[in-house]
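A quick write-up on the structure given underneath.
Each value in this text was obtained by applying a stated rule to the coordinates, not by laboratory testing. The structure displayed is predicted, hence computed values, not measured ones. Using ideal geometry, Cβ is built from the backbone for each residue, glycine included, and neighbour counts are taken over all protein chains shown.
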Amino acid sequence: METAVEIKDATLSFGGTKAVDGLTLTLGKGEILGFLGTNGGGKTTTIKMLLGLLRPDSGTVSVMGGAPSDPAVRARIGYMPEIAYYYPYLNARELLSFYGGLCGMDSRAIRSRTDVLLEAVGLADAAKRPLRTYSKGMLQRAGIAQALLADPDLLVLDEPFTGLDPLARIHFRELMRSLRDGGKTIFFSSHELGETELLCDKVAIMKKGRCFYQGTVGALAGDGERNLERIFLDVLERG
Ligand SMILES: Nc1ncnc2c1ncn2[C@@H]1O[C@H](COP(=O)(O)OP(=O)(O)OP(=O)(O)O)[C@@H](O)[C@H]1O
Ligand SMILES: [Mg+2]
């Protein structure tokens, strides 16, 4: 299988803290990875390395077969940050238009894509309201639409389920599955073990910068009776 993400023995420290410590992780094209772990475990730092926003002190990070700093590689990644600081006076349509311009999309492509995405994330009726009037979940939906705008091959989502209501979660899960079935690769961090169990082909569990498990949910569950919450606790206790 071709790989979408390949991290080899990556370490990155902030001062004396190893935020990521010897991480080796691979994700095949067309797979969904749930990146789990404790607060401060190194998930967001790893995601920033995938995007070329941070470079490892040692080890290597390769995305879609290239360096994350390569503009051609970056153009194939859609990213939703953990906390987004969007211009509050833009509405959702203007937000997507702004980001589409940054991606170099032409205005017709932006318009047609915006219509599809606002519908897909359930913001069509609120599209003309400024973002400062949005609820938390609505902002999260706008972030998902923003990440999908340029039809990326790799989606990198930092805690995408936060703030979504149950219905939006179901829609989001279906959307992610249909993207995966269309050949896209999805790398998302989460604390939502139930959602992760339902959605992922593969999980990785991080604590204090180190990865304590990496593999399929099925393999981890073994007899098929243990849920991911139980497994998560077991793995981290052993670690
Ligand atoms: N810019 C920074 N400067 C100093 N330390 C940082 C910085 N960013 C992250 N860290 C530290 O690196 C470690 C990993 O943080 P990171 O944000 O990657 O964790 P996380 O797994 O995303 O956690 P959470 O689940 O809370 O989002 C933590 O100890 C954190 O304090
Ligand atoms: Mg984080």
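At a glance:
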| read-out | value |
| --- | --- |
| The chain: relative contact order as a whole-number percent, Cα under 8 Å and 6+ apart | 27 |
| Qualifying chymotrypsin sites (Phe, Trp or Tyr not before Pro) for the range 32-85 [loop in DSSP, other Cβ within 10 Å: at most 15] | TYR85 |
| Check: the range 82-151 dipole with +1 on Lys, Arg Cβ and -1 on Asp, Glu Cβ, in debye | 220 |
| Furthest towards positive pole of dipole, LEU149, LEU139, SER107, structure part the range 82-151, Cβ charges | LEU139 |
| Difference of contour (0.36 nm per residue) and Cα-Cα distance, ASN39 to ASN227 | 65.6 nm |
| Pair TYR87, ASP106: separation of 7 Å Cα→Cβ label points (nm) | 2.4 |
| Within-15-Å neighbourhood charge of LEU12 [Cβ basis; K, R +1; D, E -1] | +4 |
| Dipole moment magnitude, nearest 20 debye, the chain about Cα centre, only Lys, Arg, Asp, Glu C-beta charged | 580 |
| In nm, spacing of pseudo-spin labels at ALA72 and HIS191 (7 Å Cα→C-beta vector) | 4.0 |
| GNM result for the chain, Cα springs below 10 Å: residue of VAL156, VAL121, VAL203 fluctuating most strongly | VAL121 |
| Max mean-square fluctuation residue, GNM over the chain, Cα-Cα springs under 10 Å, options SER62, SER190, SER178 | SER178 |
| GluC sites (Glu not before Pro) restricted to DSSP loop in the range 134-239 with at most 16 other C-beta within 10 Å | GLU225 |
| Cβ-defined net charge surrounding LYS208, 15 Å radius [Lys, Arg +1; Asp, Glu -1] | +3 |
| GluC sites (Glu not before Pro) lying in DSSP loop within the range 1-107, provided at most 15 other Cβ fall within 10 Å | GLU2, GLU82 |
| Contour excess over end-to-end distance, with Cα ends at LYS8 and LEU175 and 0.36 nm allotted per residue | 57.1 nm |
| Approximate spin-label separation VAL116-SER135, in nm, with each point projected 7 Å along Cα-to-Cβ | 2.8 |
